[in-house]
Amino acid sequence: MPDVWSSLVGQSALVDLLSRAAGGHQMSHAWLFTGPPGSGRSNAAVAFAAALQCPSGGCGECHECHTVLAGSHADVTVTRTEKLSIGVDEVRELVRHSALAPVGRRWQIMIVEDADRLTEQAANALLKSIEEPTDRTVWLLCAPTVEDVLPTIRSRCRLVVLSTPSPAEVAQYLVDRDGVEPALAAYAARASQGHIGRARGLARDEDARVRRNRIVALPARLTSMGACLRAATEIVDVSKAEADAITTVLDAKEKSDLDEVHGVVDRGRRPRSYAPALRDLEKAQKTRAKRRQLDVIDRALMDLVSVYRDVIAVATGAPGQLVNEELRDDIAELARRSSPEQHLHRIDAIFTAREQLLEFNVPPQLALESMMMGLRV
């Protein structure tokens, strides 16, 4: 039977640190988990919460471990958001809950998976609770980097930094945990660039592999203005379709639940409270759909970056396997057409588009068309 740490790939030093803390060695009331996407920040926070609640420090077998890992433990609250940000009202409710005595004998644990999405007001509301916690309250915050969290908060947290696991470690995890065939596991590990969740998705879902193959094949085709504009439209269309597939069923269920709560189905009419509730729901669903699409686009942009990094590796004779080994011929041709410096400029163009999308709310079609013109060979 695996213990609570078994889902953390390539993080042996981190596991040792957290295990000792769960046993009472240098325990802190506030922790900040940072690391690149897919490194397992949230998994590490949940595993640590299980270890803190477990009488044996994270055995993986007891009731406490099972309920924490399943998300049903009464004294472990996990906050994640489908929105673009976490607002002050939500944080104030978390702060109020954090001050309650735990139901069990150990800790009241508050996990915030997207601490980088806290608004300034929300962060300030959280700060006081972290500064003056109750004796049995522990805050576990997760963010990509320390710079994504207000200095006043991060200075009061113990920092935990996760590393990106190697392709070999990810591949072995897929073989051992999911029974994936070794060659497919190796491909998924390379293509995911150390992102465990992405690797599992690629290993399990042929459609996901097809979508990624379409994206990484784009750089070799960007030889004209028309090809660039078509590529931008393709990414927008694919990302919207994938986001819609994720959200459509959930949207319909939420609408059905709203109708049931307001008695629309039973009474056949809409009470006065229904219209504002429906507006709020539709607004939240629209925000969620936008975030989903941006997440899909962002993943596509990182796949494009992997191609140009491979091109630079080939052009400079760097040793080692390529991320996109199956595209070696196309990558060699791209390396022949342009210098490494030109490919670095293309990577810059991708990160500029990423910033426009995620920070400045530029419409995806416009940002991607501009980017593609910068990638033209």
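Observations, loosely collected:
- Residue list for region 81-122, filter: of a type outside the set (D, E, K, R), assigned to a helix (DSSP H, G or I) and closer than 20 Å to Ala45 by Cα: Val91, Leu94, Val95, His97, Ser98, Ala115
- Just one of (1) touching a helix residue (DSSP H, G or I) at 6+ places or on another chain (Cβ under 6 Å); (2) more than 30 Å from Lys286 (Cβ to Cβ) fails for Ser85. It is (2).
- Among the numbered conditions (1) among the charged types (D, E, K, R); (2) open to solvent by 50 Å² or more (accessible area, probe 1.4 Å); (3) more than 21 Å from Arg291 (Cβ to Cβ); (4) at pLDDT 90 or above, the only one that Lys253 does not meet is (3).
- Annotation note: of Ala74, Ala13, Ala49, the sole residue that is outside any loop (DSSP other than H, G, I, E, B) and either at pLDDT 95 or above or of a type in the set (Lys, Arg) (or both) is Ala49.
- Residues that are open to solvent by 10 Å² or more (accessible area, probe 1.4 Å) and part of a helix (DSSP H, G or I) within region 123-141 comprise Asn124, Ala125, Leu127, Lys128, Ser129, Glu131, listed in sequence order.
- Restricting Asp310, Asp330 to residues that are of a type in the set (Asp, Glu) and either open to solvent by less than 30 Å² (accessible area, probe 1.4 Å) or within 30 Å of Arg288 (Cα to Cα) (or both) narrows the list to Asp310.
- Of all residues in region 206-220, those that are among the polar types (S, T, N, Q) have Cβ atoms under 9 Å from Cβ atoms of residues that are surrounded by fewer than 15 Cβ atoms within 10 Å (Cβ to Cβ) and in a helix (DSSP H, G or I), 6 or more apart or on another chain, in Asn213/Glu326.
- Residue check, Arg376 open to solvent by 30 Å² or more (accessible area, probe 1.4 Å), at pLDDT below 95 and over 25 Å from Ser166 (Cα atoms): no
- Any hit, region 167-180, residues being within 28 Å of Met372 (Cβ to Cβ) and out of contact with any Phe, Trp or Tyr (no Cβ under 9 Å at 6 or more places or on another chain): no
- The lone exception for Asn361 - which of (1) open to solvent by 30 Å² or more (accessible area, probe 1.4 Å); (2) outside any loop (DSSP other than H, G, I, E, B); (3) more than 30 Å from Ala183 (Cβ to Cβ) it fails: (2)
- Scan region 318-327 for residues that are open to solvent by less than 70 Å² (accessible area, probe 1.4 Å) and either in contact with a Leu (Cβ under 9 Å, 6 or more places away or on another chain) or not charged (D, E, K, R) (or both) and the total you get is 6.
- Within the span defined as region 297-309, every residue fails to be outside any helix (DSSP H, G or I), in contact with a helix residue (DSSP H, G or I) (Cβ under 8 Å, 6 or more places away or on another chain) and among the β-branched types (Val, Ile, Thr).
- Scoring Arg288 on the criteria (1) in a helix (DSSP H, G or I); (2) open to solvent by 30 Å² or more (accessible area, probe 1.4 Å); (3) modelled with pLDDT under 90 leaves a single failure, condition (2).
- Some residue of region 107-116 being touching a residue at least 12 places away in the same chain (Cβ under 8 Å) and farther than 28 Å from Ile196 by Cα: yes
- Considered as a group, the residues in region 18-28 that are open to solvent by 40 Å² or more (accessible area, probe 1.4 Å) and within 20 Å of Leu69 (Cβ to Cβ) include one that is modelled with the lowest pLDDT, and that residue is Gly23.
Residues are listed down the side, and each one gets a yes or a no for (1) open to solvent by 60 Å² or more (accessible area, probe 1.4 Å); (2) part of a helix (DSSP H, G or I):
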{"residue": "Val160", "(1), (2)": "no, no"}
{"residue": "Ala191", "(1), (2)": "no, yes"}
{"residue": "Ala203", "(1), (2)": "no, yes"}
{"residue": "Ala208", "(1), (2)": "no, yes"}
{"residue": "Arg230", "(1), (2)": "yes, yes"}
{"residue": "Leu258", "(1), (2)": "no, yes"}
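- Matching residues in region 325-339 - criterion: being within 18 Å of Leu375 (Cα to Cα) and touching a residue at least 40 places away in the same chain (Cβ under 8 Å): Leu327, Asp330, Glu333, Leu334, Arg337
The values are calculated or read from the model by the stated rules, or taken from the named source; none is laboratory data. On a predicted model such as this, the values are computed, not experimentally measured, just so you know. Because the Cβ atoms are built from the backbone with ideal geometry, glycine has one as well, and the counts that use them run over all protein chains shown. Side chains included, ligands, DNA and RNA excluded: accessible areas come from the protein's heavy atoms. Shrake-Rupley method; radii C 1.70, N 1.55, O 1.52, S 1.80 Å.
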